[in-house]
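The values are calculated or read from the model by the stated rules, or taken from the named source; none is laboratory data. Keep in mind it's a predicted model, so treat the numbers as computed, not measured. Positions of Cβ are backbone-derived with ideal geometry, glycine not excepted, and every protein chain shown enters the neighbour counts. SASA here: full protein model, heavy atoms, side chains in, ligands and nucleic acids out. Shrake-Rupley method; radii C 1.70, N 1.55, O 1.52, S 1.80 Å.
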Amino acid sequence: GAVVSQHPSRVICKSGTSVKIECRSLDFQATTMFWYRQFPKKSLMLMATSNEGSKATYEQGVEKDKFLINHASLTLSTLTVTSAHPEDSSFYICSARDWGTEAFFGQGTRLTVV
Amino acid sequence: EDQVTQSPEALRLQEGESSSLNCSYTVSGLRGLFWYRQDPGKGPEFLFTLYSAGEEKEKERLKATLTKKESFLHITAPKPEDSATYLCAVQYQGGSEKLVFGKGTKLTVNP
């Protein structure tokens, strides 16, 4: 299957700082990328959908100013958690797909805000 | 109300003991139903896509089936390495491209 690389896999940051997570499609063009957040024993919660070159579409309840998403190329999307707080600690996962294909997921990023 | 419900929440099997996981959905205009496997601390790994009632797909010890209201993931003679959380997701008309996930079934296969 297609490969989606997410980096970093783990990050610890201080409260009030910003953290950037990268998501790359390695062997296909990702016309659409998705960012999810996963809580223990819960479903993957979609945060936003981004199409290359367009502004991201955020799900209801997700603060767009806090979770900045950039999808500047067909192989790279970034999620920046701004002014992180302990409640932002979570497992963040990206997925990517090309037109008419299944979505493939990155390895996930465990964010801990201390 | 959840649009995608998976059962059971957790399942323990002995190696070689076949069973099925269930995914029921309430969305109308299903465009696709997806099964993923997720290991602890990892992202989901794609297994199958099903598009229409009656469709079946197989991969090694796994077989996925689809009806108008639910999907089953059958596991035949499981091995300990099949232990993981299995996630079901649907894509539906009017839901744009997003996937709506169930909470998953955590499968443990004991040797």
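Brief remarks follow.
- Calculated FRET efficiency for the pair A:Thr80/B:Thr26, C-beta based, R₀ 35 Å, to 0.05: 0.50
- Trypsin sites (Lys or Arg not before Pro) lying in DSSP loop within the stretch B:7-111, provided at most 15 other Cβ fall within 10 Å: B:Arg61, B:Lys68, B:Lys69
- Any cysteine of the protein assembly as shown lacking a neighbouring Cys Cβ under 4.7 Å - listed by number: A:Cys13
- Bridge orientation summary for chain B: considering DSSP beta bridges with both residues in this region, about 90 percent are antiparallel.
- Values of log10 I(q)/I(0), in the order q = 0.17, 0.20 Å⁻¹, for the stretch A:1-54 under a Debye, Cα-only, solvent-free model: -0.74, -0.98
- Distance between modelled label sites at B:Asp39 and B:Glu97, nm, 7 Å Cα→Cβ extension: 2.8
- Of the solvent-accessible surface of the stretch A:10-114, computed with a 1.4 Å probe over protein heavy atoms with every protein chain present, carbon and sulfur atoms account for 51 percent.
- Cleavage-rule hits, trypsin sites (Lys or Arg not before Pro), the stretch A:25-114, DSSP coil, Cβ neighbours within 10 Å at most 16: A:Lys41, A:Lys42, A:Lys55, A:Lys64, A:Lys66
- Most to least accessible of B:Asp82, A:Asp27 (protein chains only, probe 1.4 Å): A:Asp27, B:Asp82
- Spin-label pair B:Thr76-B:Asp2: with each label point 7 Å from Cα along the Cα-Cβ axis, the two points sit 2.9 nm from one another.
- For the residue pairs A:Lys64/B:Lys103; A:Lys42/B:Lys79; A:Lys42/B:Lys42; A:Lys42/B:Lys106; A:Lys14/A:Lys42, the alpha carbons lie more than 20 Å apart in A:Lys64/B:Lys103; A:Lys42/B:Lys79; A:Lys14/A:Lys42.
- Shielding by other protein chains, A:38-46, mean Cβ within 10 Å: 5
- Counting only Cα atoms, the size of chain B along its three principal axes is 44, 30, 22 Å, in decreasing order.
- Coil-residue GluC sites (Glu not before Pro) of the stretch B:19-85, DSSP, other Cβ within 10 Å capped at 11: B:Glu60
- For chain A, the spread of Cα coordinates along the three principal axes comes to 39, 26, 23 Å, biggest extent given first.
- Values of log10 I(q)/I(0), in the order q = 0.07, 0.16, 0.17 Å⁻¹, for the protein assembly as shown under a Debye, Cα-only, solvent-free model: -0.22, -1.11, -1.23
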